[in-house]
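Below: one structure, written as structure tokens.
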């Protein structure tokens, strides 16, 4: 199968490309910067759309505009490029930010979206991807949680302070964190490409979300260091501004659609995952 990937140079994109190539697929990288070149999707059977401005930055007016435009306008341009020769399937990234902060509420794909910045961006992002359906393209929208893996992603930013013994919980620590091992995310993408009857929204998260306190304990155990410190919510807001709400948001997301479709997670336990990743880091 010929697969085009946007965002192929990123942490997730590199892992997806490597897995697909090792499985015998032909993979090409497609850039959305400066517009999509004519013929970029010629002969492509599947598109995996992962490109987007990083959310983990201070949300200035300029940054907010880049975050929204890169997702909404980038997806719109990608779908427009499909009109001449539509692929069979589009796997389009979204994020659990779709749901906003919801306390202890269990969130499956049927939960409503949030009326905040990331919620509105995710809704518009998904709507642009869904516009490929009338072209005859099967669309799967991945609401991705925090991705954990070696050589990048969230863990690369967390490990240094924890290894120094100065890591700790964020705010109260009672907020739920929805996470996924990068290998499970890659496998889910491959599964959605292969399974020709599945479409719609899919929460790309472990079946077992954890609180920030539990995550902190698991990472501290993995590096064999104490985690006695905490970062107060007001300090996070001072350091990161509005973006701090991402760190303090409580999202107890379950991958109901993926499991009902028959996908099996190989890395569901946060303690085992962090122990394995730290050993290899």
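The values are calculated or read from the model by the stated rules, or taken from the named source; none is laboratory data. Not measured: the values here are computed from a predicted model. Note that each Cβ is placed from the backbone with ideal geometry, even for glycine, and that neighbours are counted across all protein chains shown.
Brief remarks on what is shown
- Qualifying residue in region 180-194 (condition: surrounded by fewer than 20 Cβ atoms within 10 Å (Cβ to Cβ) and in contact with a strand residue (DSSP E or B) (Cβ under 8 Å, 6 or more places away or on another chain)): no
- In region 37-53, the residues that are over 23 Å from residue 197 (Cβ atoms), surrounded by fewer than 16 Cβ atoms within 10 Å (Cβ to Cβ) and in contact (Cβ under 8 Å) with a residue 12 or more places away in the chain: 42, 43, 53
- Residues being under 15 Å from residue 77 (Cα atoms) and surrounded by 13 or more Cβ atoms within 10 Å (Cβ to Cβ) - total across region 18-33: 3
- Count - residues of region 256-281 that are under 23 Å from residue 200 (Cα atoms) and without any contact (Cβ under 8 Å) to a residue 60 or more places away in the chain: 3
- Boolean, residue 39 is assigned to a loop (DSSP other than H, G, I, E, B), in contact with a helix residue (DSSP H, G or I) (Cβ under 8 Å, 6 or more places away or on another chain) and at pLDDT below 95: no
- Failed criterion for residue 189 (all others in (1) farther than 30 Å from residue 229 by Cβ; (2) in a loop (DSSP other than H, G, I, E, B) hold): (2)
- The residue pairs whose first member lies in region 219-232 and is farther than 13 Å from residue 160 by Cα, whose second member is surrounded by 18 or more Cβ atoms within 10 Å (Cβ to Cβ), and whose beta carbons are closer than 6 Å, counting only pairs six or more residues apart or on different chains, are 229/168; 230/168; 230/169; 231/170.
- Looking at 15, 77, just one residue is in a helix (DSSP H, G or I), within 22 Å of residue 195 (Cα to Cα) and out of contact with any strand residue (DSSP E or B) (no Cβ under 6 Å at 6 or more places or on another chain), and that residue is 15.
- Residues satisfying the stated conditions in region 128-155, i.e. surrounded by fewer than 20 Cβ atoms within 10 Å (Cβ to Cβ), outside any helix (DSSP H, G or I), at pLDDT 95 or above and out of contact with any helix residue (DSSP H, G or I) (no Cβ under 6 Å at 6 or more places or on another chain): 136
- Tallying residues that are more than 17 Å from residue 144 (Cβ to Cβ) and surrounded by 14 or more Cβ atoms within 10 Å (Cβ to Cβ) within region 104-116 yields 1.
- Among the conditions (1) over 21 Å from residue 9 (Cα atoms); (2) exposed (fewer than 15 other Cβ atoms within 10 Å of the Cβ); (3) in contact with a helix residue (DSSP H, G or I) (Cβ under 8 Å, 6 or more places away or on another chain), the only one that residue 98 does not satisfy is (2).
- Where residue 65 falls short, out of the listed (1) within 28 Å of residue 238 (Cβ to Cβ); (2) touching a residue at least 24 places away in the same chain (Cβ under 8 Å); (3) exposed (fewer than 15 other Cβ atoms within 10 Å of the Cβ): (2)
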